[in-house]
Amino acid sequence: MENLRVMNDGDIPFDVLSRLPTKTLVEMRSVSKGWHELISDRSFVQAQFQKTGLTLSGFIFQEKYQKCLDDIKTFSYMPVNADSKVQKMVLGFLPEDVVILASCNGLVCCRSCFPTQRPTIIYVCNPLFEKWVSFEVAQLDRFSNIALAFDPILDPVNTSTNFRIVRIQQLENEQEELHYTFKIYSSKTGTWKESNEVCYSKGNLLKNKGIYAKGILHWLTDTDQILAFDTEKELSLLISSPIPVLEFFINVPGTCIGESMGLLHFIMICEDGIIVWYLEDYFETKWMLKHSKRLQVIEEENPRMFFKLQKSMQQKLVAGMDPLMDPLAFKDEVLLMRVYSTIYFYHTETGKVMEVCNVASLGPNPYVDPSAIPYSLSLVPLNVSLSHFDSNSNITPSEN
């Protein structure tokens, strides 16, 4: 058993173990010291990620107050495992209460709750191992938009865990033109930099902010466009949605974006049904239809869950009324959606629906622009480049 620590990718036990899912490997770490050291080794973590990838574990759901500027300190975790129940949680291993901002390949990005008497801190953590790094950020408020980019394929974790954080802001120039700017934090340098890239757009960023796919972050806007930003090349692009959702429908359809198989997906729920596209080509804006299912069929297959679903969706909504069906988040072929006052998982590969919980169990404010973020268990260690900072220590690089 102890010889496991010196194994490499050419050894049979190494090869076999590195093909196992993360949850199984976490349980096996306690078998012996040798197994623990092997499974914790960076080379093994990299091999396991390349061979198995990450599978969706669940969704993090956090409410927001409608009028109060204070943050809600707790969140709900919704496991995709049918045998698990929704859990009310906090990241208790962190030194303060936080708001969840983003998740990417097993790492979670969050910030200090407001109000706070101390400088605002951003945390990047691996909840599985309760490891984290942190740094102060100047002039951050409740409405600041922060995204996380972390990709062990493009930037292997053999020697260190490197990530980027992108802060996107909408500003107005002297000609009253609305545009977005980008500030980038790199864990390699421990510093922020202002990107020279500017993206002119009148659109406001909507839910599912900062969806990462193959080196590119994506933000859904309210103008039938998706804002894309390449974190390596620092170039932006406005991508037209596969269908102009502001036209042709009785009510404005519910939409969200997500990632599956490394590709950006666009999800729409309208009176016609649930429709899913994926982006095949960025520069030609070529969308491919992946899945479509009529509401009537969904209702017929799930009579105990839904009643007059399609008929209700065809009725004109009163202004200001919450949509009857709302896609909240999408990851790895699983759509988290709200239908009336119930949360469901919808599996696009099978067309199956699974009831998760009633929204009332999530708290008093589940309808007010909640954060719904996919999360995957990951073995990735968080002792990032030690020349800049140590794990589980509070570092304070300045933001220029």
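The values are calculated or read from the model by the stated rules, or taken from the named source; none is laboratory data. Just so we're clear, the structure is a prediction, and the values are computed from it rather than from any experiment. Ideal geometry is used to build each Cβ from the backbone, glycine not excepted, and the neighbour counts take in all protein chains shown. Protein only, heavy atoms only, side chains kept; ligands, DNA and RNA dropped before computing areas. Shrake-Rupley method; radii C 1.70, N 1.55, O 1.52, S 1.80 Å.
Assorted remarks:
- Whether region 164-219 is rounded, prolate or oblate, judged on the alpha carbon gyration tensor where a/c under 1.5 counts as rounded: oblate
- Within the accessible area of region 53-376, the carbon and sulfur atoms contribute 51%, probe 1.4 Å, all protein chains present.
- Filtered trypsin sites (Lys or Arg not before Pro), region 48-151: DSSP coil and at most 13 other beta carbons within 10 Å: Lys67, Lys73, Lys85
- Loop-located chymotrypsin sites (Phe, Trp or Tyr not before Pro) in region 94-148 (DSSP state not H, G, I, E or B) with no more than 13 neighbouring Cβ atoms inside 10 Å: Phe143.
- Global form of region 121-189, assessed from the alpha-carbon gyration tensor, a/c cut-off 1.5: prolate
- Rg over Rh [alpha-carbon atoms, Kirkwood Rh] for region 53-376: 0.94
- Surface exposure of the chain, expressed per residue as accessible area with a 1.4 Å probe, stands at 47 Å².
- Principal-axis tilt of helix 42-52 within the chain, Cα atoms, nearest 10 degrees: 40
- A cut-off under 13 angstrom between Cβ atoms defines the neighbours of Glu96, and their net charge, with Lys, Arg +1 and Asp, Glu -1, is 0.
- Over all other residues within a Cβ to Cβ distance under 10 Å of Asn145, the charged ones net out to +2, with Lys and Arg as +1 and Asp and Glu as -1.
- At an R0 of 30 angstrom, the distance between the Cβ atoms of His179 and Phe143 translates into a FRET efficiency of 0.95.
- 15 Å beta-carbon shell around Ser201, net charge (K/R +1, D/E -1): -4
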